[in-house]
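Written out below as structure tokens is the structure these notes cover.
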Amino acid sequence: MTLLSVQDLHVTFGTADGAVRAVQGVSFDVAAGETVAIVGESGSGKSVTANSLLRLNFGADVRIDGRILLDGRDVLAMSEDEVRSVRGRDVAMIFQDPLTALNPFYTVGYQIAEAFAIHHPGTSKKELREIALDSLQKVGIPEPTKRIDQYPHEFSGGMRQRIVIAIALVNSPKLLIADEPTTALDVTVQAQILELIAQMQAEHGSAVILITHDLGVVAEITERVMVMYAGRVVESASVADAFSTPTHPYTRGLLKSVKSLDTERHERLESIPGIPPSLINLPSGCPFHPRCGFAETLAGRCEREVPELRLVGASRSACHLPEDRLLGLLGGLS
Amino acid sequence: MIYFVLRRSIFAVVLLLIVSAFTFWIFSALPSDPAALTCGKNCRPEVIEANRERLGYDKPLVEQYGAYMKGIFTGRTYGEEGSSIHCPAPSLGYSYDRHECVTSLIASTLPVTASIALGAFVLWMGIGVGLGTLAALKRGKWQDRVATAFSVIGVSLPTFFLGLIFIMVFVIWTGLLPFPRYTGITDNPVEWFMALLLPWFVLAIISAATYVRMTRNGILEVMNEEFVRLGIAKGLPRRRLIVRYVLRAALVPIVTIAGLDFAFLLGGALVTESIFNLPGLGKLTLAAVVNSDLPILVATTMVAAVFIVVANTVVDILYGYLDPRVRVK
Ligand SMILES: Nc1ncnc2c1ncn2[C@@H]1O[C@H](COP(=O)(O)OP(=O)(O)OP(=O)(O)O)[C@@H](O)[C@H]1O
Ligand code: SF4
Ligand SMILES: [Mg+2]
């Protein structure tokens, strides 16, 4: 069953330098309980997309167009109060940096209880404390009865991220958005946090949108992956397909830029040549064409026409190359 | 926490000792001879020397300092039996110019300055924080522009100028207020209030200007903090978010600065007191400067230093209460 349906999402920021077109025509669905990853280079619009789902795009001059249907209700058409009641209850967020995500002036117990109390007015203090204790226990904070009255700065980064997760899950949301939840953490802690998210998801049955740079993370806990480039989705596929038969030159580049994940053999590390385009002055046609090794084989079409997402094998890809070439991207050139 | 308070207090006392010694040393190093200033221009040298001995200026500096500090606790008697002058504890010296114990001079002027400072402080915090908050919440709207204009004008207005304008407008032209003449609050609260109204506003407007900007910028900065974004993502109602997340964080540094500003004002509002003819510490100091009345200068400097050191300590301790991150267990 479709939980979330994003249709033709556009997000533009007015800045002194001109309009930053951070997201351009992104569409995707997330089914209830499904785990979807969004990957892409820095600045590709992953966070902006995620933030628009709860209308959390701040900034002086933001324009959001399109439709974001959550259980059939358009988030973009809701009143302030309606969005507020969705935030934290139906859709919860985990941000990147746990060191700054918690309010330094209140105890962690208070902050967990608060997240519950906002959406369940009239809950007694005693009940709230029970709920906070229970949450701390579930996310693996040792000695919760003692820790509940401590302040965020008394916890390590990994522990704080667990608390952020506890806050996110206290209302059993239908959708959990995790924007690079492990990037700011110690490598040793990263795996634990991911495992915790996976475990919590299994328990609550929430759908998860996981934003990450780390393809290893994608392989580990998600079912489907969306690759973003310059504010567009360029490929959408099951994780298995994306890794075995990427159907977009950019995805192929991403895969090449990390060590091989499922074999012992170390592939040569190469990053995608060139830099991401300016979102104020986007290249014509396919935004990837200045960096794409295949563009010249298509006689200028890449510079003229923006490729739309279409079905290629079992995946969806936004590239002008013919289907057979897209399906053979890895084989032919590696 | 008690340990923290204790440690800070001991530190404050040590700091005060150092400051007082330094003040003493600085003023004694001035080229003017305090003994020579005890009598007029055509004074005979014998009188000067007699006075020097009487006031203790013939002793080595360290001894003078010792006697001064002792005087603070036990009081001090100048001269021999018969023609001696006694200043009871806490004695801060004797003004040969005014023929009065400095302590009693300060005791009579401090309430005036304290009245000015207290009222101005309440007003400026109200205006500064209130207007600053409004400006931040209505960023870019007309409220913001009004607040910004207020703060720019306030910062650039000299105190004496604003004071004179106020007197012109409210006293001379419209006659809404009588010309300020200070009356003790216990003598006549209404007159006390009327006399202080203008100085309060002058000081408040000028200080509030800075606070409007600090509050506005502080709030806008905090609003970009990740924890505020998480607060919004939690679904917090706007009011709760503003009070518990934004203001709470933005006001902590402002409270700190406000404490020090208040202490500074308690040391004497020189210009304001002069313009509005208020017999406070500032006027006392100013007169002492004009008359080279060293004992008064030493004492007012020390009193001001005490206020600032005490405020610093209080603010530090308060900070510990306000911000759990610096709270010591
Ligand atoms: N408030 C804003 N005002 C102006 N531009 C913005 C704003 N927020 C984001 N952008 C721009 O939108 C683009 C996409 O940003 P976004 O944060 O979504 O990237 P991302 O894919 O999440 O990158 P990263 O991996 O670094 O987090 C960036 O170029 C960024 O500069
Ligand atoms: S459309 Fe052209 S430029 Fe874009 S990815 Fe495909 S081949 Fe490369
Ligand atoms: Mg991001």
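What the table below lists for this structure:
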item	result
Extreme residue, nearest to B:Thr183 (Cα to Cα), among residues of the range B:273-283 that are open to solvent by less than 10 Å² (accessible area, probe 1.4 Å) and out of contact with any Pro (no Cβ under 6 Å at 6 or more places or on another chain)	B:Leu278
Residues of the range A:168-193 satisfying the condition of being part of a helix (DSSP H, G or I) and more than 14 Å from A:Gly140 (Cβ to Cβ)	A:Ala168, A:Val187, A:Thr188, A:Gln190
Of the criteria (1) of a type outside the set (S, T, N, Q); (2) crowded, with 19+ Cβ neighbours inside 10 Å; (3) away from every other protein chain (no Cβ under 13 Å), which one A:Ile64 fails	(2)
Condition check for A:Val91: within 14 Å of chain B (Cβ to nearest Cβ), in contact with a strand residue (DSSP E or B) (Cβ under 6 Å, 6 or more places away or on another chain), closer than 19 Å to A:Ser5 by Cβ and surrounded by 19 or more Cβ atoms within 10 Å (Cβ to Cβ)	yes
A:Gly285 being modelled with pLDDT under 90, within 11 Å of ligand 2 (Cβ to nearest atom) and open to solvent by less than 60 Å² (accessible area, probe 1.4 Å)	no
Given (1) within 16 Å of ligand 2 (Cβ to nearest atom); (2) basic (Lys, Arg); (3) surrounded by fewer than 19 Cβ atoms within 10 Å (Cβ to Cβ), index of the condition A:Arg232 fails	(3)
Close pairs (8 angstrom Cβ cut-off, 6 or more residues apart or separate chains): without any contact (Cβ under 8 Å) to a residue 40 or more places away in the chain in the range B:139-154, exposed (fewer than 13 other Cβ atoms within 10 Å of the Cβ) and not in a helix (DSSP H, G or I) anywhere	B:Gly140/A:Ala60
Enumeration of residues in the range B:146-175 that are small (Gly, Ala, Ser) and surrounded by 14 or more Cβ atoms within 10 Å (Cβ to Cβ)	B:Ala147, B:Ser151, B:Gly154, B:Gly163
Some residue of the range B:185-192 being free of Cβ contacts under 8 Å to residues at least 40 places away in the same chain, away from every other protein chain (no Cβ under 14 Å) and touching a helix residue (DSSP H, G or I) at 6+ places or on another chain (Cβ under 7 Å)	no
Among residues of the range B:134-163, those that are touching a helix residue (DSSP H, G or I) at 6+ places or on another chain (Cβ under 7 Å) and under 30 Å from B:Ser108 (Cα atoms), counted	4
Tabulated pairs, the range A:217-235, first within 13 Å of A:His248 (Cβ to Cβ), second of a type in the set (Lys, Arg), C-beta under 6 angstrom, 6+ apart or interchain	A:Met228/A:Lys46
Criterion: in contact with a Phe, Trp or Tyr (Cβ under 7 Å, 6 or more places away or on another chain), part of a helix (DSSP H, G or I), assigned by TED's automatic domain parsing to the domain that holds A:Glu82 and on the phi < 0 side of the Ramachandran plot - qualifying residue of A:Ile118, A:Ile165, A:Ile131, A:Ile197	A:Ile131
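Quick grid of which residues meet (1) open to solvent by less than 30 Å² (accessible area, probe 1.4 Å); (2) within 11 Å of another protein chain (Cβ to nearest Cβ); (3) within 16 Å of ligand 2 (Cβ to nearest atom):
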residue	(1), (2), (3)
A:Ala32	no, no, no
A:Thr49	yes, no, no
A:Phe58	no, yes, no
A:Thr107	yes, yes, no
A:Ile112	yes, yes, no
A:Leu128	yes, no, no
A:Ala132	yes, no, no
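The values are calculated or read from the model by the stated rules, or taken from the named source; none is laboratory data. Because the structure is predicted, anything quoted here is derived from the model rather than measured. Note: ideal-geometry Cβ built from the backbone for every residue, glycine included; neighbour counts use all protein chains shown. For the accessible areas, the whole protein counts, side chains as well, though only heavy atoms, and no ligand, DNA or RNA atoms are used. Shrake-Rupley method; radii C 1.70, N 1.55, O 1.52, S 1.80 Å.
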